[in-house]
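Have a look at the structure below before the remarks.
Each reported figure results from applying straightforward, stated rules to the coordinates on display, with no laboratory input. Predicted model, so just to flag it, every value in this text is computed and none were measured. In this analysis, Cβ positions are derived from the backbone assuming ideal geometry, glycine residues included, and neighbour counts consider all displayed protein chains.
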Amino acid sequence: MRVIVVKDYAELSRNAARMVAGQIYLKPDCVLGLATGSTPLGMYWELTQDYRDSGLNFAEVTTFNLDEYLGLAPDDPQSYHYYMQQNLFAKVNIKPEHTHIPTGQPQDIATACREYDAAIKAAGGIDLQVLGIGKNGHIGFNEPDLKFEATTHMVKLDEETIAANARFFKSAAEVPRFALSMGIKNIMYARKIVLLASGEEKAEAIYRTVYGKITPVTPASILQLHQDVTVIVEEGAAGLLLEGRAQS
Ligand code: GLP
């Protein structure tokens with residue numbers, strides 16, 4: 001694991017955008033794995049500026065998002081479909097048919113999951129996977145568990161995740177209780193991974209990810225076994241790494 005500590009969120013966003021842009025320059029028809037949440041917002045903004053000012057070309061790029069809340073329609077402002085349109089897809093020249101996000105309204109959950117995995121495989125796998133991290137160490141919506149879920153699956157969200165994500169909704173009661181998420185195997189098969197973390201509330205999860213025991217209780221800890229992971233953390237989230245200790 002390569003850990004890059006940066007001084008603030010702006011620098012984190014620029015570094016992350018450089019990695020994504022670099023991937024697109026190296027392989028214009030690359031496959032990107034994309035994350036949502038507040039952490040990658042600055043990165044997406046930087047990429048839209050690169051498109052506008054430097055001609056970064058998304059025409060041949062394919063994307064697969066990590067997850068989506070179950071029950072939300074694509075035009076629901078809280079859905080990850082809507083988030084991706086607002087923050088990236090509508091602002092660059094990506095082809096809509098090249099973008100993929102798990103459906104929030106599957107007719108049959110098992111079929112939707114199987115088809116999502118098959119689509120990733122048919123696209124040739126993910127070249128660069130962008131990840132955020134939950135306070136509890138989740139990646140995508142792979143919550144702490146007794147086992148690692150391999151492929152795309154339905155998840156029951158943890159109370160901690162519901163509370164953390166309530167800030168995007170009118171109240172915690174409105175946060176969907178279930179989601180579809182890529183699994184750990186989908187993520188680990190990506191050729192390169194970049195994990196982003198910002199804020200002191202992520203310091204414990206980051207410490208456990210980098211130095212902790214590899215366990216499904218800290219889902220991101222599995223990344224220690226991947227051969228090409230870059231962790232970009234701003235100083236707040238790197239606090240315990242820099243001190244060399246866990247909180248508890
Ligand atoms: C959500 C998403 C994750 C994301 C996490 C952290 O639960 N499913 O993919 O990494 O939140 O979000 P934030 O960046 O807002 O802290």
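Numbers for the structure displayed
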{"item": "Alpha carbon Rg of the stretch 36-79, scaled by the compact-globule rule 2.2 N^0.38 Å", "result": "1.43"}
{"item": "Computed over the stretch 92-207: relative contact order in percent, which uses C-alpha pairs under 8 Å that are six or more apart", "result": "33 percent"}
{"item": "Cβ-based charge dipole, the chain, positive-most Cα from 98, 118, 51", "result": "118"}
{"item": "Of 121/192; 121/170; 170/213, pairs whose Cα-Cα distance is over 27 Å", "result": "121/170; 170/213"}
{"item": "Fluctuation leader among 130, 231, 217 - the chain, Gaussian network, Cα springs under 10 angstrom", "result": "217"}
{"item": "Zone residues, the stretch 198-237, relative to residue 148, backbone N less than 11 Å from point 7 Å out along Cα-to-Cβ", "result": "214-217, 219-227"}
{"item": "12 Å Cα-Cα reach of residue 27 towards aspartates and glutamates, excluding residues that sit fewer than 8 places from it in its own chain", "result": "60, 127"}
{"item": "Estimated Rh, the stretch 90-190: Kirkwood, alpha-carbon pairs, angstrom", "result": "14.9 Å"}
{"item": "Among 70, 26, 223, residue whose mean-square fluctuation peaks in a GNM of the chain (springs only between Cα atoms under 10 Å)", "result": "26"}
{"item": "Selected from 153, 226, 81 as most flexible by GNM, with the chain as the system and alpha-carbon contacts under 10 Å", "result": "226"}
{"item": "Along principal axes, Cα extents of the stretch 41-153, largest first, whole Å", "result": "46, 30, 29"}
{"item": "Ellipticity estimate at 222 nm from DSSP helix runs (n ≥ 4, -39,500 (n - 2.57)) divided over the chain, nearest 500", "result": "-9500 deg cm²/dmol"}
{"item": "P(r) histogram, all alpha-carbon pairs of the chain included - 5 Å bins from 0, percent", "result": "1, 7, 14, 19, 21, 19, 13, 6, 1, 0"}
{"item": "Trypsin sites (Lys or Arg not before Pro) within the stretch 1-44: DSSP coil, no more than 16 neighbouring Cβ in 10 Å", "result": "7"}
{"item": "Scattering profile of the stretch 137-194 at q = 0.17, 0.22, 0.24 Å⁻¹ [log10 I(q)/I(0), Debye over alpha-carbon scatterers]", "result": "-0.59, -0.86, -0.95"}
